[in-house]
Amino acid sequence: MNKVAFISQSGNVMKSSLACAMAVECSSNGLDVAIADLDKEHRTVAQWLTTRIENEIEPTFPVHSVDSATDALNCFNNESLAIIDAPSRATSATALIAQNVDLVVLPTPPSKKDIDLSLSTLYQLVNDGVPMNRLVLVFTRVGSAAELNQAIEYVRMADFGDSSLQVLSSAIWERVGYRGAINDSYSITETSFQTLNDSAKGVVHQLLSKLLR
Ligand SMILES: Nc1ncnc2c1ncn2[C@@H]1O[C@H](COP(=O)(O)OP(=O)(O)O)[C@@H](O)[C@H]1O
Ligand SMILES: [Mg+2]
């Protein structure tokens with residue numbers, strides 16, 4: 001079983017949206033997949049699944065609402081892909097999850113504040129013994145190509161000693177079409193716009209190739 005976790009300190013950075021999109025893409029391609037929803041406050045993924053079932057949107061897959069990092073790590077039933085949607089700002093839980101998954105994804109909007117938060121989380125995780133090659137930063141809610149380039153340049157200046165930080169070359173744009181899809185319990189790969197879907201699929205596929213390498 002491969003395990004991937006989406007983590008961040010702040011909310012609204014697309015942890016849940018990316019977790020759902022990865023599950024939809026994998027399930028559509030015949031993979032056995034489940035999500036652990038660890039966000040006690042919002043249960044974004046569990047509610048999203050309930051609405052999908054009500055509206056007969058396919059594919060669906062198991063979503064486990066769990067209350068602790070240990071439960072999140074233990075709730076799966078040998079699916080080929082286990083996805084953990086972590087809550088915002090839960091540092092000890094985050095560390096435990098990161099130490100026990102194959103890939104840790106940090107979705108990060110391109111503001112300096114969000115990048116700095118992700119960098120401090122990354123330093124903490126490396127300190128906690130999580131290998132650098134299991135960590136990947138993906139820029140989300142990006143306004144323009146210029147903003148993406150600037151953000152990549154900024155993050156490249158961070159010093160991780162001998163190892164270098166993995167940053168996805170593809171990013172997710174800030175788009176009304178994504179918001180609308182999420183509102184209607186579709187994934188960001190199932191919007192009404194082919195270009196948005198292809199762009200989101202590009203990010204999901206890059207993440208999967210890192211996970212399955
Ligand atoms: N790329 C995007 N473009 C526009 N709105 C977005 C985008 N990504 C997320 N949103 C909005 O932000 C909300 C929070 O996203 P979500 O994935 O739940 O974040 P998190 O799980 O990190 O808190 C979504 O419900 C949606 O309204
Ligand atoms: Mg969430």
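Which members of the range 172-201 meet the condition of being surrounded by 19 or more Cβ atoms within 10 Å (Cβ to Cβ), more than 16 Å from Cys26 (Cα to Cα) and either touching a residue at least 60 places away in the same chain (Cβ under 8 Å) or within 16 Å of ligand 2 (Cβ to nearest atom) (or both)?
Ile172, Tyr178, Ala181, Ile182
If I go through the range 14-48 residue by residue, how many of them are more than 13 Å from ligand 2 (Cβ to nearest atom) and without any contact (Cβ under 8 Å) to a residue 60 or more places away in the chain?
8
Just checking, how many residues over the range 137-165 are among the polar types (S, T, N, Q) and either under 22 Å from Ala5 (Cα atoms) or modelled with pLDDT under 95 (or both)?
Adding up the residues that qualify gives 3.
Name the residues in the range 38-95 that are over 16 Å from the mean Cα position of the chain (by Cα) and hydroxyl-bearing (Ser, Thr, Tyr), would you?
The answer is Thr50, Thr51, Thr60, Ser65, Ser68, Thr70, Ser80, Thr91, Ser92.
Being at pLDDT below 95 and away from ligand 1 (no atom under 12 Å from the Cβ) is the filter here, so list the residues in the range 13-68 that pass it.
Selection gives Lys40 alone.
Counting just the residues of the range 88-136 that are among the polar types (S, T, N, Q) and within 16 Å of ligand 2 (Cβ to nearest atom), which one comes out modelled with the lowest pLDDT?
Ser88
Could you identify the single residue in Ala95, Ala72 that is among the aliphatic types (A, V, I, L, M), assigned to a helix (DSSP H, G or I) and closer than 19 Å to Phe160 by Cβ?
Matching residue, one of Ala95, Ala72: Ala95.
Can you say whether Leu148 is more than 14 Å from ligand 1 (Cβ to nearest atom) and of a type outside the set (Lys, Arg), as far as the supplied structure shows?
no
Out of the residues in the range 49-67 that are of a type in the set (Asp, Glu) and not in a helix (DSSP H, G or I), state the one that is nearest to ligand 2 (Cβ to nearest atom).
Out of the qualifying residues, it is Asp67.
Can you tell me which residues in the range 98-133 are crowded, with 23+ Cβ neighbours inside 10 Å, assigned to a helix (DSSP H, G or I) and not aliphatic (A, V, I, L, M)?
Selection gives Ser118, Thr121.
The values are calculated or read from the model by the stated rules, or taken from the named source; none is laboratory data. Just so you know, these numbers come straight off a predicted model, no measurement behind them. Glycine gets a Cβ as well: all are built from the backbone with ideal geometry, and neighbour counts include every protein chain shown.
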